[in-house]
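Below you'll find the structure, written out as structure tokens, and then a few comments.
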Amino acid sequence: EGPAASERKERRKTHEDAWLSYISWLQTTGNVPLILCVLERGVAVCRHTGSKLWLNYCTFAAQQLRDSPLALRISKRGLRNCPWEVDLHLVHIRALERTGSDPKTIDEAKEAALRSPLCGGPEAYRDVLLAFCDFCRRELAEAWHRTSPDVDKCVKFVQLLRGGFMYGLAFLQQTYPKWSSGRIPLYTYYANVEENLMGDISGEDTGSANARRIWEECVETAGSAETMPWISYAQFECRQQDPDAERAIFRKAVQVVPSDHPRWDDVCDAWLMMERERGSIDDFELALTRISSARLERSKRTVARALREASGI
């Protein structure tokens, strides 16, 4: 990129920033029709610049027009102009949902987003996958919480929601195999929905059983790198009123997660609090002994490392 191109790019950015400042001031007036007109003019004049104006336009239209087809048309235009902007895809998916689009249409919007060269790295693609699950979860909750639940719709969206989570996890694992921590929010979301909403619908213990299976996969994925999945899994077993299972998770977590992990002590503190609240004196002392022993070993390694560094070995 030569000096002339850089200069043109900077001028366009300055021009766009001026429009954004003007629109920001206009928004304080509350004059929605005028703001929409100025935004329309701004994206027309700054069509060769970035996506800030389009995102501002689409977000404002979504907030002010809500279920209007106009908000959907604006989001479609935004995507045509800035297909790399993940937030525009997310606004568009929500606009489709607000205007009553069917699952097939929203799934197609999701797939189009996943095929786009999104800015923002793997988090952007995960946000798209989560957006589809959000849609399915809301539709499922709406069908279930009616005065007379729509059974057929519940069955349909249970399948779609489970499919959305499994597809999302598979997509991230295949596309970003080294980004295991990025799958944890999907696992957590999936497990919580199985435990609560889908467990409610089934009227049986299948929700808890499915959630436990998902938590197992989650902590296996987290391994020694993350601590929160272990704590969250233990909290799940607490809600199931199974202190033995909860205790077993903490014991395994303390072994799997290295004691020099910056959040390892969080696991230990959570375990000790659990024993204070629900354990016997023997349970508490056993946990305290294991944790104290691991902390002593960590302290010895820290001292040995410091001595090596001091001696230049």
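Report yes if R276 is more than 25 Å from the chain's Cα centre (by Cα), touching a residue at least 24 places away in the same chain (Cβ under 8 Å) and assigned to a helix (DSSP H, G or I), otherwise no.
Working: more than 25 Å from the chain's Cα centre (by Cα): yes; touching a residue at least 24 places away in the same chain (Cβ under 8 Å): no; assigned to a helix (DSSP H, G or I): yes.
Here the answer is no, as R276 does not meet what is asked.
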Inset, instruction - Being within 26 Å of A222 (Cα to Cα), touching a Leu at 6+ places or on another chain (Cβ under 9 Å) and open to solvent by less than 90 Å² (accessible area, probe 1.4 Å) narrows it down to one of A287, A270, A294, A253, so name that one. - result: A287
Inset, instruction - Mind telling me which of the residues R80, R146 ends up being open to solvent by 40 Å² or more (accessible area, probe 1.4 Å), modelled with pLDDT under 95, assigned to a loop (DSSP other than H, G, I, E, B) and basic (K, R)? - result: R146
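Yes or no, residue by residue, for (1) among the charged types (D, E, K, R); (2) assigned to a helix (DSSP H, G or I):
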{"position": "C119", "(1), (2)": "no, no"}
{"position": "Y125", "(1), (2)": "no, yes"}
{"position": "D152", "(1), (2)": "yes, yes"}
{"position": "K156", "(1), (2)": "yes, yes"}
{"position": "Q174", "(1), (2)": "no, yes"}
{"position": "Y187", "(1), (2)": "no, yes"}
{"position": "W215", "(1), (2)": "no, yes"}
Inset, instruction - Identify the single condition in (1) part of a helix (DSSP H, G or I); (2) within 24 Å of F165 (Cα to Cα) that A248 does not satisfy, given that it satisfies every other one. - result: (2)
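Can you name every residue in region 146-157 that is among the hydrophobic types (A, V, I, L, M, F, W, C) and out of contact with any helix residue (DSSP H, G or I) (no Cβ under 6 Å at 6 or more places or on another chain)?
In the first step, residues of region 146-157 are kept if they are among the hydrophobic types (A, V, I, L, M, F, W, C); the result is 151, 154-155, 157.
Matches in region 146-157: V151, V155.
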Inset, instruction - From the list T221, T206, T227, T147, pick out the single residue that is of a type outside the set (F, W, Y) and in contact with a Ser or Thr (Cβ under 8 Å, 6 or more places away or on another chain). - result: T221
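From the list E139, E204, exactly one residue is of a type outside the set (S, T, N, Q), surrounded by fewer than 16 Cβ atoms within 10 Å (Cβ to Cβ) and either on the phi < 0 side of the Ramachandran plot or modelled with pLDDT of 95 or more (or both). Which is it? Give the steps one after another, and end with the answer.
Details: E139 fails: surrounded by fewer than 16 Cβ atoms within 10 Å (Cβ to Cβ).
So the residue among E139, E204 that is of a type outside the set (S, T, N, Q), surrounded by fewer than 16 Cβ atoms within 10 Å (Cβ to Cβ) and either on the phi < 0 side of the Ramachandran plot or modelled with pLDDT of 95 or more (or both) is E204.
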Inset, instruction - For region 60-77, name all the residues that are of a type outside the set (A, V, I, L, M) and either surrounded by fewer than 18 Cβ atoms within 10 Å (Cβ to Cβ) or not in a helix (DSSP H, G or I) (or both). - result: Q63, Q64, R66, D67, S68, P69, R73, K76, R77
Inset, instruction - Provide a single number: the residues in region 209-251 that are within 20 Å of A287 (Cβ to Cβ) and without any contact (Cβ under 8 Å) to a residue 12 or more places away in the chain. - result: 6
Legend entry - Which numbered condition V254 fails, given (1) in a helix (DSSP H, G or I); (2) of a type outside the set (F, W, Y); (3) touching a Pro at 6+ places or on another chain (Cβ under 8 Å): (3)
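Residues being assigned to a helix (DSSP H, G or I) and farther than 15 Å from S208 by Cβ: count how many of those fall in region 227-243. Quick ask: steps written out before the conclusion?
Keep residues of region 227-243 that are assigned to a helix (DSSP H, G or I), which gives 228-239, 243.
Filter once more, keeping what is farther than 15 Å from S208 by Cβ: 228-231, 243.
Of the residues in that region, 5 qualify.
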Inset, instruction - Go through the residues of region 7-15 one by one and say whether even a single one is surrounded by fewer than 17 Cβ atoms within 10 Å (Cβ to Cβ), of a type in the set (V, I, T), at pLDDT below 85 and part of a loop (DSSP other than H, G, I, E, B). - result: no
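The values are calculated or read from the model by the stated rules, or taken from the named source; none is laboratory data. Keep in mind it's a predicted model, so treat the numbers as computed, not measured. Note: ideal-geometry Cβ built from the backbone for every residue, glycine included; neighbour counts use all protein chains shown. What goes into the accessible areas is simple: the full protein's heavy atoms, side chains included, and nothing from ligands, DNA or RNA. Shrake-Rupley method; radii C 1.70, N 1.55, O 1.52, S 1.80 Å.
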